[in-house]
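A quick write-up on the structure given underneath.
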Amino acid sequence: MLNLINSAIDGLNTAIVEAMGRCVAQGLLPAEPCPAFTIEVPADRSHGDLAANVAMISARAFRLAPRKIAEAITSNLELSGTMASRAEVAGPGFINFFLAPQWYSAVLEAVLSEGPSYGSCDLGRGSRVMVEFVSANPTGPMHMGNARGGALGDCLASLLEKAGYAVTREFYINDAGNQIDKFALSLEARYLQLFRGEEAIPFPEDGYHGEDITTRAREFAALRGDTFVDAEPAARREALVEYALPRNVEKLCSDLEKYRIRYDVWFKESQLHNDGELSETIRILKDGGFTYEKEGALWYAATNFGADKDEVLIRANGNPTYFAADIAYHRNKFLVRGFDRVINVWGADHHGHVARLKGAMNAIGIDGSRLDIVLMQLVRLTRNGEIVRMSKRTGKAISLDDLLEDVPVDAARFFFNLREANSHLEFDLDLAVEQSAKNPVYYVQYAHARIWSILKNLMAEGIMPRKCTGEEFTLLTAPEERELIMHLALLPQTIAEAAKTYDPARLTRYVIELATNFHKFYNTQRVKGEEEPLMQARLNLCICVRDVIKNVLDMLKITAPERM
RNA sequence: GCGCCCGUAGCGCAGCUGGAUAGCGCGAUAGACUCCGACUCUAUAGGUCGCAGGUUCGACUCCUGUCGGGCGCACCA
């Protein structure tokens, strides 16, 4: 839970405020209130470890040139109580701070003592959050959107756990409504075709054309024979769905497990229809006066809650819409199961539903801002620089299954978390399987394996890593070492920021940069063969890097091999 | 037509609530292991941040307009 950058910033913050007080007393600065300023790690590290913009921010209020203010503050700065050893004025009026060697030692000590929990924080304070993701239609195989959503949602969940939330991963099974009717009709057609021929039985135009439907129909026929050919159509369809749907759900489950995703809850839409929650929700909307009838259908006046148009809740044929069920579902998440916050990962093509669903939450008395929707843009697969749309094997859209045949799970999970959700993602199939530095997954894993190699090498010579003193860690003064340690120190806020913005892509970028910093260190500094204290300090630094790489890869559920 | 998202180097992308000379990877070019794994590293080249205004001490970042691309506007889910 230690964030050494923040504690360094806090200390410098008060030092600056105190220095300004002294400046006012000396008449160097006017007794005006100072606007809020920030201290941050500058992009260009030749500008020190931390930089404060206080002088520029207050220039207007003080009616003084920023550099003059910065110089006044700096000359009155008392750094002895802070973690900085030096401050200087630079550029337009920045005050740049250089952290003391003891601070760098403290970072390594924190990484070593906190172990796998290093980087975690208590942003969530144990509040209960649900992440619902993938929720693929159980009528067929999962597509690329589901693949991206799976990697994104699962890593987002890990991230939130690390940030102190009690997270539930949930899959919503759409086992009711229109698409199940379509599913039934498709199965029925394939089943009857088996006995009467494809010409005799037309396939429904908007049915599911996938091979998987035919397979299920065949399995069913093998099991039950032709007993349903002359049966009542409704009974026939019911039997087919009763057979096929659970198997499809099992298939989803096992495919996702291969993808290293395990859900806490598989929630069935049909539950909402069967136990009355759906009708109760509609009653609440009716009682609230948010509904009206038009052309035989029951409408929800979504426009009252900021939507651009109203929505049908119950069709003229008496069937509730998906939207109605979705309102009931989210009511269930908040009211029945008591989640403090709910996050849904959706494809960007559903963005129109965001405002409607949040508005509906407000209508039924739940604060819609407790519901967050993470929208993700589409994935574009490329091979040899060309866009790939279809699977070579099936000729259909590429499924998660197809993808994992070509690409290792490690690469898939990493690549899907390389870009923030709300940007288009290009997935280079050649690169994902390439075992070279171009492939970021291998690059990161290689850094981890390389550290293990160093360790094993030294141990083979009888050199065991031992605990270092803070004094010994101050031997690590090379720029590459300082940079590496600073990057280790950045993990807690990277996690906090990523959790706040629901953006696991920050983790992949962080760990790539960490690997880069390590490789640079490796190429300029040696561990083996140095004087014992320095060697041990560097060895411990390596161990810190190794553990943090593993720590981050664990969150992404990507393996961290000791040898490749 | 209305709404949401995206335009940063040849390509793929960072740039965190506005901050210093706009970065990274690939590709190109030139280099580095008798030395802990060359699955690595170093250097060079490459940019009017789509365009035009505005706000600000300061704009890739905020506002307005505009052009280009993606998506959505069902008694589908």
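The numbers here are math on the coordinates, done by the rules we state, and not lab data. In this text, all values refer to a predicted model and were calculated from it rather than measured experimentally. Here the Cβ is made from the backbone with ideal geometry for all residues, glycine too, and neighbour counts use every protein chain on show.
Once the Cβ-Cβ distance between A:Glu461 and A:Asn13 is put in as r, and R0 is 45 Å, what FRET efficiency do you end up with, to the nearest 0.05?
E between A:Glu461 and A:Asn13, to the nearest 0.05, is 0.45.
Rounded to the nearest 20 debye, what is the charge dipole size of region A:4-99 about its Cα centre when +1 sits on each Lys and Arg Cβ and -1 on each Asp and Glu Cβ?
Using Cβ point charges on Lys, Arg, Asp and Glu, region A:4-99 gives about 300 debye.
Quick one: grab Rg to one decimal and Dmax as a whole number for region A:4-99, Cα atoms only, in Å.
Here Rg and the maximum Cα pair distance are 12.2, 35 Å.
Report the gain in length on full extension from A:Lys68 to A:Ser117: 0.36 nm times residue separation, minus Cα-Cα distance, nm rounded to one decimal. Intermediate results must be reported in sequence, preceding the final value.
Values: separation 49, 0.36 × 49 = 17.64 nm, distance 4.41 nm.
So the chain would gain 13.2 nm between A:Lys68 and A:Ser117.
Under 14 Å from a point 7 Å along the Cα-to-Cβ line of A:Val433: which residues of region A:370-398 have their amide N that close?
Within reach of a label on A:Val433, which here means backbone N under 14 Å from a point 7 Å along Cα→Cβ, region A:370-398 contributes A:382-385, A:391-393.
Taking 18 Å as the cut-off for C-alpha to C-alpha distance, list the pairs among A:Lys268/A:Lys333; A:Lys309/A:Lys358; A:Lys286/A:Lys333 that go past it. Intermediate values should be presented prior to the final figure.
Working: A:Lys268/A:Lys333 13 Å; A:Lys309/A:Lys358 14 Å; A:Lys286/A:Lys333 21 Å.
From the list (A:Lys268/A:Lys333; A:Lys309/A:Lys358; A:Lys286/A:Lys333), the Cα-Cα distance tops 18 Å for A:Lys286/A:Lys333.
Nearest 20 debye, what's the magnitude of the dipole of region A:178-258 about its Cα centre given +1 on Lys and Arg Cβ and -1 on Asp and Glu Cβ?
The dipole of region A:178-258 has a size of about 180 debye.
Once the Cβ-Cβ distance between A:His209 and A:Glu242 is put in as r, and R0 is 22 Å, what FRET efficiency do you end up with, to the nearest 0.05?
Given R0 = 22 Å and the Cβ-Cβ separation, E is 0.50.
What does the highest-first list of A:455-466, A:28-39 look like by mean Cβ count within 10 Å?
Averaged packing, sorted descending, gives the order A:28-39, A:455-466.
Would you mind ranking A:Thr303, A:Thr516 so that the residue whose beta carbon has the fewest other beta carbons within 10 Å leads the list? Working shown, then result.
Values: A:Thr303 13, A:Thr516 16.
Ascending number of Cβ neighbours within 10 Å: A:Thr303, A:Thr516.
Name the residue from A:Ala84, A:Phe94, A:Val129 whose Cα lies farthest towards the positive end of the charge dipole of region A:41-143, charges +1 on Cβ of Lys and Arg and -1 on Cβ of Asp and Glu.
A:Phe94
How many percent of the alpha carbon pairs in chain A exceed a separation of 32 Å?
Result for the distance tail: 59 percent.
Cβ neighbours within 10 Å, averaged per peptide: list A:311-319, A:172-180 in order, most packed at the top.
On the way: A:311-319: 14.8, A:172-180: 18.3.
Highest-to-lowest ranking by the protection proxy: A:172-180, A:311-319.
Could you size up the charge dipole of chain A around its Cα centre, putting +1 on the beta carbon of Lys and Arg and -1 on that of Asp and Glu, and report it in debye to the nearest 20? Display every interim value, and only then the final one.
Details: 63 positive and 76 negative charges, 148 e Å.
I would put it at about 720 debye.
Which listed residue (A:Tyr208, A:Phe228, A:Gln179) has the Cα farthest towards the positive end of the charge dipole for region A:178-258, taking +1 on Lys and Arg C-beta and -1 on Asp and Glu C-beta about the Cα centre?
Toward the positive end, the furthest listed residue is A:Phe228.
By how many nm would the segment from A:Arg526 to A:Glu280 grow when fully extended, if each residue of separation counts as 0.36 nm and the alpha-carbon distance is taken off? Numbers along the way, then the final one.
Numbers: separation 246, 0.36 × 246 = 88.56 nm, distance 6.91 nm.
Value of the extension gain: 81.6 nm.
Between A:Leu335 and A:Asp226, what is 0.36 nm times their sequence separation minus the Cα-Cα distance? Round to one decimal in nm.
Working it through step by step, the gained length comes to 34.6 nm.
Determine, from the Cβ-Cβ distance of A:Glu257 and A:His519 and an R0 of 35 Å, the FRET efficiency 1/(1 + (r/R0)^6), rounded to the nearest 0.05. It would help to have the intermediate numbers written out before the result.
Working: r = 34 Å, r/R0 = 0.97.
That pair, A:Glu257 with A:His519, gives E of 0.55.
Using the alpha-carbon atoms, what tilt in degrees (0 to 90, nearest 10) does helix A:4-25 show relative to the longest principal axis of chain A?
For helix A:4-25, the angle is close to 50 degrees.
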